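Worksheet: one structure, shown below.
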Amino acid sequence: LNRCPFSTQMKKGAACTRAPRIHFSTIFATMILLTSISVRRSSAVFFQKSKAKAVSSSSVLPNWFSSMSGGGEKPKEYYTIGLTGSNGLVGTALRDELSRSNATVDGKPVRVVCLVRSNAAEAKDLSTLPAAGDTTLQWNPNGKTVEEIVHPEAAASMDAIVHLSGENVATGLGPLGFLGIRPWTDAKKKEILDSRVVTTKALAQVVAASPTPKSFLVASGVGAYGDQFVIEPNGSADDVSAADESTDTSQARGFLAEVSRQWEAASDAAKSKSGHRVVNMRFGVLMSTKGGALEKLYPIFFMGGGGNVGSGRQYFPFISARDHARAMVHTLQTPSLEGPVNFCSPQPCTNAEFTTAFGSCLNRPTILPFPSFAVQTLFGEMGTEMLLGGTKARPKKLLDSGFTFQHPTIKEALASALKESI
């Protein structure tokens, strides 16, 4: 070697005075050492990258398999009910029962959408709304097309429509209408009929246009059977047969029977497409101190002024508010129930039996009768049909479907009304 690269004393251009001997074996060992260090460093980098990739893969694979198996959080599904008349006596009882019992339909928790009448259908995506609390939706019963009645997006989210709204049959028009004095004027009769028939036809069109099956539950009344269920002066209860859902109503007499026929016929449009279920709920008299007949009678009986109306032999088709609400939930949960369904107690009573039971519940005398001529003078046609006439009906379909009444007797129904919040 002419120059010694290891010499620190070497001058420029000078030769090494002490040139070390470097054997080939030393050079070879040095190369091996450098190669080993390089390999170790490369290996470390490789394994670090591999580890990072493994960690990344471990976070990706579970998500991938989760998506394949349907994992991850899904939006909660609800059984959505569109409800008209939600603030009325029956609607309030239904909402209370749904909340109280945490009822499910088709295995889903129930969500109620309160349908409010308006001049235009409201656009709202119901699928994104929470179940807690009731949601309102505006609808237009006078819409010319299905889209103008209930907005299509909202209608598609409903599994059932429960139609309860209708003009009060026991009150008149005008500022003193609440007194019910001879209320059934021609104008009032038209309002009673139109408030039921027009709205039912509109909602039936919405149901019929739906591509997915829906349940359509529409209110009606046991008045469909007529008002002739009265025990003769020398007769007995066995002489008066109870009507059930198979009874022919085409010839039943009375204004309310005619209203019921047209009301139920208005729902027929929803039957035009297979898959939809239509239930005509024939309501009896709801026993509640929060509204209806009992609300008006309660202060009279409480003051000791109660007594038989007319002969007292006319039948009184009652049902407790709680059983009524439970029966509606049962109907929603029971697909086999369709067509007319009677909502009344399985143990019908007469007006005289009702009077005695109510006096007993309040511990008050019931010795002041309300004679027939006074009823006819004050209330006219409404009094003759609703107070002096009567209906004896039996809830055959509910019983056959397995429904059990909690308050089958009039005394139990009245006791329930005095302690219930509905």
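With θ set to phi - 60°, apply the Karplus curve 6.51 cos²θ - 1.76 cosθ + 1.60 along the range 221-229 and write out the HN-Hα couplings as whole Hz, x wherever there is a Gly or Pro.
With coefficients 6.51, -1.76 and 1.60, one gets x, 5, x, 4, 8, x, 10, 8, 8 Hz.
State, to one decimal in nm², a quarter of the convex hull surface area for the C-alpha atoms of the range 247-386, i.e. the direction-averaged projected area.
Mean shadow area of the hull around the Cα atoms is 9.9 nm².
Net charge near Phe373: determine it from the other residues with C-beta under 15 Å of the C-beta of Phe373, scoring Lys and Arg +1 and Asp and Glu -1.
Computed value for this residue: 0.
Tally Lys/Arg at +1 and Asp/Glu at -1 over every other residue whose Cβ is under 11 Å from the Cβ of Ala243; what's the total?
The answer is +1.
With the convex hull built on the Cα atoms of the range 171-298, state its orientation-averaged projected area in nm².
Mean projected area for the range 171-298: 10.6 nm², to one decimal.
Could you give the nm distance between label points at Glu148 and Glu191, where each point is 7 Å from its Cα heading toward the beta carbon?
Label at Glu148, label at Glu191, 2.5 nm between them.
Figure the gain on full extension for Gln251 and Val198 (residue separation times 0.36 nm, minus the Cα-Cα span) and round it to one decimal in nm.
Length gained, Gln251 through Val198: 16.8 nm.
Using a cut-off of 16 Å between alpha-carbon atoms, which aspartates and glutamates can reach Lys271, once sequence neighbours fewer than 8 places away in the same chain are excluded?
Reachable aspartates and glutamates: Asp159, Glu338.
On a 31 Å Cα-Cα criterion, which of the cross-link pairs Lys188/Lys419; Lys188/Lys396; Lys144/Lys214 come out too long?
Listed pairs above 31 Å: Lys188/Lys419; Lys188/Lys396.
What residues from the range 223-265 fall in the zone where the backbone N is under 12 Å from a label point 7 Å along the Cα-to-C-beta line of Asp400?
244-247
Would you pull out the residues with amide H under 5 Å of Gln138's amide H, same chain only if 5 or more places away, H placed 1.01 Å from N?
Val116, Glu122
Measure up Lys108/Lys296; Lys124/Lys201; Lys189/Lys296 against 29 Å on the Cα-Cα distance and list the ones that go over.
Values: Lys108/Lys296 39 Å; Lys124/Lys201 22 Å; Lys189/Lys296 22 Å.
Cα-Cα > 29 Å for Lys108/Lys296; rest within.
What residues of the range 338-354 lie in the reach of a label at Ser101, counting those whose backbone N is under 15 Å from a point 7 Å from the Cα along Cα→Cβ?
Only 343-344 fall inside the zone, counting backbone N under 15 Å.
Nothing charged except the Cβ atoms of Lys and Arg (+1) and of Asp and Glu (-1): what's the magnitude of the dipole of the range 295-422 about its Cα centre? Round to the nearest 20 debye.
About 220 debye.
Mind giving me the FRET efficiency for Glu232 and Glu77? R0 is 51 Å, r the Cβ-Cβ distance, nearest 0.05 is fine.
In this case the efficiency is close to 0.35.
Give me a comma-separated list of calculated 3J(HN,Hα) values for the range 104-113, in order, Karplus coefficients 6.51, -1.76, 1.60 applied at θ = phi - 60°, integers in Hz, x for any Gly or Pro.
Taking θ as phi minus 60°, the curve returns 10, 10, 6, x, 10, x, 9, 10, 9, 10 Hz for the range 104-113.
Using a Förster distance of 22 angstrom, determine the FRET efficiency expected from the C-beta separation of Leu378 and Leu173, and round it to 0.05.
Efficiency, rounded to the nearest 0.05: 0.85.
What three numbers, in Å, describe the spread of the alpha carbons of the range 341-422 along their principal axes, ordered from the longest?
So the extents along the principal axes, rounded to whole Å, are 44, 30, 22.
FYI, it's all coordinate maths here, none of it is from the lab. Computed from a predicted structure; not experimentally measured. Heads up, the Cβs are rebuilt from the backbone with ideal geometry, glycines too, and the neighbour counts pull from every protein chain shown.
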